[in-house]
Amino acid sequence: MKKSALLLSAFIAAGLLFLCCKSADTPIPDEDGHRLWLRYAPAGKLADQYRNAIQRIVVTGDSDTSRIIGRELASAMDTMLGSPGSVDTAWQKKPALIVGTPSTSDLIHNLNWDAELAEAGPEGFIIRSTSIENHPVTVIASSGEIGALYGTFHFLRLLQTGQPIRDLSVTERPRVQFRLLNHWDNLDGSIERGYAGRSLWQWGELPGKRDPRYTDYARVNASVGINGAVINNVNADVRILTEEYLLKVAALADLWRPYGLRVYLSAKFSAPVQLGGLQTADPLEPEVADWWKAKAAEIYRLIPDFGGFLVKANSEGQPGPKDYGRTHAEGANMLADALAPHGGIVMWRAFVYDQDVDPDRVKRAYIEFTKLDGRFRRNAVVQVKNGPIDFQPREPFHPLFGGMKQTPVFAELQATQEYLGQAKHLVYHGTMWKEFLDSDTYAKGAGSTVGGVLDGTVYPYPVTGIVSVANPGTDTNWCGHHFSQANWYAFGRLAWNHRLSAGQIAEEWARMTFTNDDGTVDAIRDMMLSSWETFVSYTMPLGLHHLIGTDHYAPMPENDRARRSDWTAFYYHRAAADGIGVDRTRKGNKAVEQYFPPVCDRFDSLETCPEKFLLWFHRCAWNYRMKSGLTLWQELCGKYYAGAEQAADLQAKWQSLAGIIDPRRHKEVADRLEIQVEDAVKWRDHILKYFQQYSQMPIEPPKQAITYGHRRLYANRYKTRAGI
Ligand code: GCU
């Protein structure tokens, strides 16, 4: 090689080295998490492919929704591709992204996709690489504008997660109709079971002042296909139904309409008495029904697309039809009749556990509601929590899924982590929700999954839906813990399509929220996927549940006194010298019989009952032999120790990402993991010590356990290194 060539290559190598060192040294800018999964970070490897394909953005239509689509695409292209991303209504025969509906876009109309678009429905969409007059184009089309908006977010997700867009052929439609958040927000700005600041709704300022967060919120929901929000607590304040508040609610509805987000309200059953001055709220009294009809008409005058009412009745002190000797169906139907002329629905909660129904809380809702199956109006649905108790770390699916053959049921999930570490512990709910959605009810033979019940394939429900108690508040990052954002995201994605995998959803979220670096994504996804089982292990493994006090956070198995026995912990674990757990088998209180065969048989038999539900369905001696060959006591010790270890593993994994994740978010998550690791040890020691007084056996950490002391040392070393 000539001397000059050698010199040149040395020069290039030095330059490259300089660039590498420089980029390694360039600090990663802090992020506060406010942009959630809609950060639109610069595109990586495929940026040129994207730029070539999207030389123009063509959005036709003259509506607020089409303007939102245009703005979203323009700002995304700007930051992802560094191109001005101007939006036009004219195509000009360039490789372009064309978005719209057949009625707003001639280009789309001329593609003749009408039959397919009709099939996908107004919220569904097609994204396809095709050509118009021999020019390559990418088309996002829907028969409805909201479908075009959802398609836009889907397309942007492909870009954000680094997918190729050359040969796209995507058809999507939501599997269930109603995909709602339930806010447990009070009118004083507090949030029941909220862990991320105050309520987003500034009631003192509405309707005049409109906080920009209202539209941010609607946009975020639209990005995952959430199409409604019940904005006030199920423990409802009746004032929400006054004209003063309805005007405020209407202002939110106006802002949210172009995003496809409809407003719903929690209604207090006694409102006719409290607001209407009637003597009674008896649903069979004509004056009561008339009051609700007039109230519904008033609401629809202000909010023409109002979604309907959510009702918590005769539950935890709330008023309801049973106060007048009427049934839940009679109460729900009266409200359904008031809403029906306007197209609204009633979501009647099955979270009821009156003590006179059955001694076991687990059985009560099923007994009450199956008796009423078939007696609800077509626009009334029964909203059922995923498990029979109350959002415990792990519960078997509620037997009302499959049990209600003629009455539609909605699933109520909970993104806010009431019993799952609140906003302090990293617990990804995607895996928990998938276990629930994929559970086979056998209602109509094998394959009758909970998901299938919910989407109307098991029974032909006229209305289908999945809702989640919401987790955002006024915290800068919306959800308190950065990883709690993933639960909002996962809820939306699973409500859209319950067949998606928890892993895919975790990966999408990690790519959009943090980085597209494959190694980092793997690490984050692994953390997320193991986090739920980890939490269960260090809090309530092997079917244990409700081992808490009223804060629903810290361990309190000794809690044996409360206003109601079913608010204690003892009611659920019954630990004594002879063993632990509740006998819900056929020989016990027969709760298993609420499930279809063979599920009931599987839960009934010690041979076949999954050990993850063992103490839910069975009472076992402390020396009962587990499948592992260990005694129940040893297995319990093993679970608690393993859980605490796994929490420390989460921490170690996150520590390994220091310098890859921006420092602010990294530290904020690390700080919470520190709490989580300490809490996990507290849970382990507290619970085992408490149960030991009954088991009278030594607390035996499993042999392979690395002691927590080592982990702590590691954590401290890391902290010194990272300067925190
Ligand atoms: C749980 C929760 C309450 C809530 C109730 C409900 O018990 O702790 O705060 O009101 O569920 O779902 O109605």
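Quick look at the values:
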{"read-out": "Residue match in segment 189-209 (condition: at negative phi, surrounded by 22 or more Cβ atoms within 10 Å (Cβ to Cβ) and among the β-branched types (Val, Ile, Thr))", "value": "yes"}
{"read-out": "Unmet requirement for residue 451, which otherwise passes all of (1) under 30 Å from residue 34 (Cα atoms); (2) in contact with a Leu (Cβ under 6 Å, 6 or more places away or on another chain); (3) open to solvent by less than 10 Å² (accessible area, probe 1.4 Å)", "value": "(1)"}
{"read-out": "Flag for residue 160 being modelled with pLDDT of 95 or more, open to solvent by less than 40 Å² (accessible area, probe 1.4 Å) and over 18 Å from the mean Cα position of the chain (by Cα)", "value": "yes"}
{"read-out": "Condition check for residue 581: in contact with a strand residue (DSSP E or B) (Cβ under 6 Å, 6 or more places away or on another chain) and surrounded by 21 or more Cβ atoms within 10 Å (Cβ to Cβ)", "value": "yes"}
{"read-out": "Condition check for residue 523: more than 17 Å from residue 387 (Cα to Cα) and without any contact (Cβ under 8 Å) to a residue 60 or more places away in the chain", "value": "no"}
{"read-out": "Matching residues, segment 366-380, being crowded, with 21+ Cβ neighbours inside 10 Å, away from the ligand (no atom under 16 Å from the Cβ) and outside any loop (DSSP other than H, G, I, E, B)", "value": "366, 380"}
{"read-out": "Selection within segment 489-537 - polar (S, T, N, Q) and crowded, with 23+ Cβ neighbours inside 10 Å", "value": "513, 531, 534, 537"}
{"read-out": "Residue list for segment 294-321, restricted to those being within 16 Å of the ligand (Cβ to nearest atom), buried (at least 17 other Cβ atoms within 10 Å of the Cβ) and within 16 Å of residue 352 (Cβ to Cβ)", "value": "310, 311, 312, 313, 314, 315, 318, 319, 320"}
{"read-out": "Residue list for segment 89-143, filter: assigned to a loop (DSSP other than H, G, I, E, B), within 17 Å of residue 172 (Cα to Cα) and charged (D, E, K, R)", "value": "123"}
{"read-out": "Top-ranked residue of segment 214-266 - restricted to ones that are touching a residue at least 60 places away in the same chain (Cβ under 8 Å) and surrounded by fewer than 19 Cβ atoms within 10 Å (Cβ to Cβ), ranked as farthest from the ligand (Cβ to nearest atom)", "value": "257"}
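The values are calculated or read from the model by the stated rules, or taken from the named source; none is laboratory data. This structure is a prediction, so every number in the text was calculated from the model and none was measured. Here the Cβ is made from the backbone with ideal geometry for all residues, glycine too, and neighbour counts use every protein chain on show. In case anyone asks, the SASA skips ligands and DNA or RNA and just uses the protein heavy atoms, side chains included. Shrake-Rupley method; radii C 1.70, N 1.55, O 1.52, S 1.80 Å.
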